[in-house]
Structures are given as structure tokens and as C-alpha cells.
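For reference, the structure discussed in these notes is given below.
We did not get these values from a lab; they are worked out from the coordinates using the rules stated. Keep in mind it's a predicted model, so treat the numbers as computed, not measured. Positions of Cβ are backbone-derived with ideal geometry, glycine not excepted, and every protein chain shown enters the neighbour counts.
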Amino acid sequence: MNVNNDLRKLIDNLPFFLQEHLNHHPNKDKLIEIVLDLGRRPEARFVSGPEYLSQKIISWQDIDYLTKRISKFSNENRAGIERTLHRISCIRNRQFLINGLTCRVGRAVFGTISVIRDLLESKKSILILGKPGVGKTTIIREIARVLADEMEKRVIIIDTSNEIAGDSDIPHSGIGRARRMQVAKTELQHQVMLEAVENHMPQVIIIDEIGTELEVLAARTIAEKGVQLVGTTHGNCLENLIKNPPLADLIGGIQYVTLSDDEAKRRGTQKSILERKAYPAFEIIIEINHQNSWTIHEDVKNSVDLLLRGNFTLGQTRQFSLTEKIKIKSQKFNSYQNSLLKNRTNLNDSFLLITNNWNSINKLRDKKSLKLSSKNLVIYPYSLSNNLLKEVWLKMGFKFVLTNEIRKASLIIGLKKHLKQNSKLISLARQKNIPIYSLNQVSLYQISKLIQFLCS
């Protein structure tokens, strides 16, 4: 993996007392950004954490020194350094004077996308999700270079903020043979996207930070014209797009559908449900969980449909490092609710949330008696489908027995609204000391987590 950061050009534009410190800093190659705020000490943020660069307080002269050596700030309060990927953003006071600067280090990293090369060769549109600062722009810059140089495609980059190809009329070498179209104003990005298709016959369009309804509509229009899209947007996971109305159209859009009584009964759902409205503009979604760990949804259409039904999605996690080979493992049990907590891997933490979805009607004093081994787990399902429970059995590997006789059961699972209406069942269960677990709704996720808790 080769890294080109042009760090020297950024340091040379800083005040002299900061230059000396950073030039001799042992971790300068892991520098993320430099923060200069009026009346405060200068701060550098590394991968390992922040640290102060000097005891000297930043003055108006220090801020003025830096702003005069870089390009003019745009309407979005962003500027850059000629022929580099570095970005300088400013903070203004009420008089529109600059009283704070964030100098973000831009890096062209070659070899980062070998983990998804097969996805690029599939010619499908790809959307990259991630939090700010996780490296989305670096990834699509490398994608643009690989598509243009190695796969010899006609690639055009819509570079609204000049982060992909640098703040210069001459694009940075990190994008290879790809062409770059600059955008005068952020609100005109959707127009430039359509202009690129109409005027320059691209095979691939690269878009950074899709965020408005007009940009989403333009992306859908481009996808329908048969042009491959590679874009980024802010978000942790696929579920964030479903819950974000302006961006939901990227994955087909979400709409309420009213089912007939027979169809709702057949599906085992309410009459009003959520369904995908159209075909997704992006066929593949990549979630950047960490710099070296990505979650791939190769079939967005199917994943969205499963999530809207409250079921599990099928995806894969790809892990890589500088010294090890790429590791790919399938995620069979990633669900709508659980994936929102994908960074919380502790079972105890996730269990605290799970207990809000199901509860025990029997208030037994000894809580340990509720935890049963899989060998002794005999379930009496009340108002639940046996096939649903068998699906949990097959997917999670937990062995249990289903029975139609209450006296043989070690626990009872049912819908809350139905259990309330059956006082006889509750009374009989209390006599035989059989715990009853009520569910607010029929959900594969809730049942799976309940079984997991009982068998743990």
C-alpha cells in the first residue's frame, strides 16, 4: 500500500513555531488534522489521539498568516493548497471574520480497494456509507484511478468540494486518467451531474457526499441511463438510509402499503406495512465500519426488503491489513435492529435493549431458573408460527423442542395482546411454574435474541 500525502506542503504554510515542532514529530505520518482557534493553544489530532503543539496562544496574526498563503475560501468556508489534497476549513464570527481554522490532511492511498476489486468489475453502481473522517473520499479517489487506469473506463468525477482531485485547475495525480468537473456552488451539484452525462459520454460517474433530494433524483436519473455510479453519503449502516427520507430514494424509496385482511393474515403482519417503492439506484452498498473492516451488501434490493419485514439480512464482512490476506466472512444474522448497534458487540449491552422488546409475565424470584439449557428447552408457542421458530433453529443452531402440551413445556412464548386475553393459560402456567415470555410483535430478531439469552 503506497501513500502520497504531500505533508510538507501543508506544514510549510503554517506559522514558523508550528513548522519546527511538526517537522520533528515522530508521528507526523499519522496526522489527521491541525486545529487553530483564536486565543487557544494549537492542537494536532493524530490517529492515537490529540495533543497540543505549543504553549503559545494562537493570535489574529497567526490565522492571517495561514489564510494569505492558501486559496480563497468558498461559500462553504473551504479552501485548499495548490496541487495538493489538503483541505482548510474556517470558522467565522458574527462579523464574518475568521477566528478558527481546521487543516485536514489529504492523502492519496494506492492499493486500498483491492478488497472490493471484484465489485468494481461487476459494473454495478456502488454506494459507500460511513461517518465523517472514516476515509470515504480516499476510497472513491482510488476507485476513480483504478477504473480509469487499470480498467480503462471513461470516468468523470463530480468534485464539488475539490476534496477528490485537489484545489487546483489541474487535478491531482491520485485520480489517474479520470476527468474532474468542478462545481461552482454546492446547490448546483445535481445540474453538473446531469451535464456530465449529457456532454461527456462517461461510463462511470463518481459523486462525493450525496445529501439533497435533487442530488438523489439526479443519481437515479443517471442510473436509469445505464451509467455506473460510485457515490458516498454519511451514515453508519443501510438502516440509516431507510430512516432518512431525502436519501431513501437511493435504495428504491420507502412507502406505506395497505394490505387486505387475507393478505395481512397470510403474511402474519399488520395491514399497513412498509415496502420498497422502486428499484435501487445503487445495487451495492459498502459500510465503512472501520478503516480495515467493511460490510458489503451485494444485493441491496433484497437486503432492503428483508429489513422492512423485520428479518435478517445477508451480507459479508471483509477485513484486510498491510501484512495479512483479505478475510471474507458471511454475516447471516445481521438484522434491522441489531445492525444499528453493530459497534456494541458486548452481549450484556445489547441484552439491555432486548429486554425492552420482550418480558416475562411470571415474576419468578429466582432469575437463574429462567435460563435453561438447550437440551431442556421445550417451547409451547402461543399464537406464533412453528415455521418461524424452526427458522430460528436452523439459522442460529440452537436446539429446542416444540410441543402442543403445556405440561411438557419448559416455557411459553406468545404475543402480548393474545396472552392478555387468555387468563386460563396464565393461571395454568403459574400453577406449574412455567415462565411465559410475551412479545410485542412477531419478529425473527426478538425471538432469536430471546432463545439466545435462554440458551446462554
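Descriptive notes on the structure:
- Relative exposure of 300, 392, judged by other C-beta atoms within 10 Å (fewest first): 392, 300
- The ranking of 159, 249, 12 from fewest to most other beta carbons within 10 Å of each one's beta carbon is 12, 249, 159.
- The chain, dipole about Cα centre (Lys/Arg Cβ +1, Asp/Glu Cβ -1), debye to the nearest 20: 2640 debye
- Only one residue of 226, 281, 260 has its Cα farthest out toward the positive end of the dipole of region 222-315, where Lys and Arg carry +1 and Asp and Glu -1 on Cβ, and that residue is 260.
- The residue among 270, 248, 61 whose Cα reaches farthest toward the positive pole of the charge dipole of the chain, with charges on the beta-carbon of Lys, Arg, Asp and Glu, is 270.
- Structure-derived Kirkwood radius over Cα pairs in Å - corresponding label in (i) 27.5; (ii) 25.5; (iii) 28.4: (ii)
- Of the three principal axes defined by the Cα atoms of region 27-102, the extents in descending order read 34, 30, 18 Å.
- Gyration tensor verdict on region 108-343 (Cα atoms; rounded if a/c is under 1.5, prolate if a/b is larger than b/c, oblate otherwise): oblate
- Each of 124, 225 was scored by other Cβ atoms within 10 Å of its Cβ. Listed from fewest to most, they are 225, 124.
- Net dipole in debye of region 108-343 [+1 Lys, Arg Cβ; -1 Asp, Glu Cβ; about Cα centre; nearest 20]: 760 debye
- Projecting label points 7 angstrom from Cα along Cα→Cβ for residue 61 and residue 225 puts them 5.4 nm apart.
- Peptides ranked, highest mean first, by Cβ atoms within 10 Å: ranges 137-148, 55-66, 178-189: 137-148, 178-189, 55-66
- The charge dipole of region 117-210, taken about its Cα centre with unit charges on the Cβ atoms of Lys, Arg (+1), Asp and Glu (-1) only, comes to about 220 debye.
- Cβ crowding within 10 Å averaged over residues, with 25-32, 433-440, 105-112 ranked highest first: 105-112, 433-440, 25-32
- When the C-alpha to C-alpha distance is required to be over 27 Å, the pairs from 185/225; 329/416; 277/420; 390/417; 136/327; 30/123 that qualify are 329/416; 277/420; 30/123.
- Cβ-based charge dipole, the chain, positive-most Cα from 108, 26, 96: 26
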